[in-house]
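A.B. asks: A single structure is presented below for examination.
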Amino acid sequence: MARTPAAAGSAVGMEMPIMHDGERYEPVRDIGSGNFGVARLMRNRATGDLVAVKYIDRGDKIDENVKREIINHRSLRHPNIIRFKE
């Protein structure tokens, strides 16, 4: 399966858009992998901000799990948990 960047703003029942990060972000390095794919450290070309982009394997079951993870993660507030930007 092809890996595509996950968009953090999606909700259950909605299509998950594919983020075309090559135009906005440049890769810095891989930072980890997990159940859904790999995470990469990226730099915003316009601002220089560093962000983590999660690349996921696409599939119906995986998409539902990722949507659930996004909804749960967006409600978390803690200094040691990164927040979704988009």
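A.B. asks: List the lysines whose Cα sits under 18 Å from the Cα of Lys85, skipping any in the same chain fewer than 8 residues away.
C.D. replies: Lys85 reaches Lys54, Lys67.
A.B. asks: Sticking with this structure for a sec: For Arg45, which sequence-distant residues (separation of 5 or more, or a different chain) have an amide H within less than 5 Å of its own amide H, given hydrogens modelled in the peptide plane?
C.D. replies: For Arg45, whose amide H was placed from the backbone, the distant partners under 5 Å are Tyr25, Glu26.
Rule-based calculations on the coordinates, nothing more; no lab input. All of these numbers come straight from a predicted model, not from anything done at the bench.
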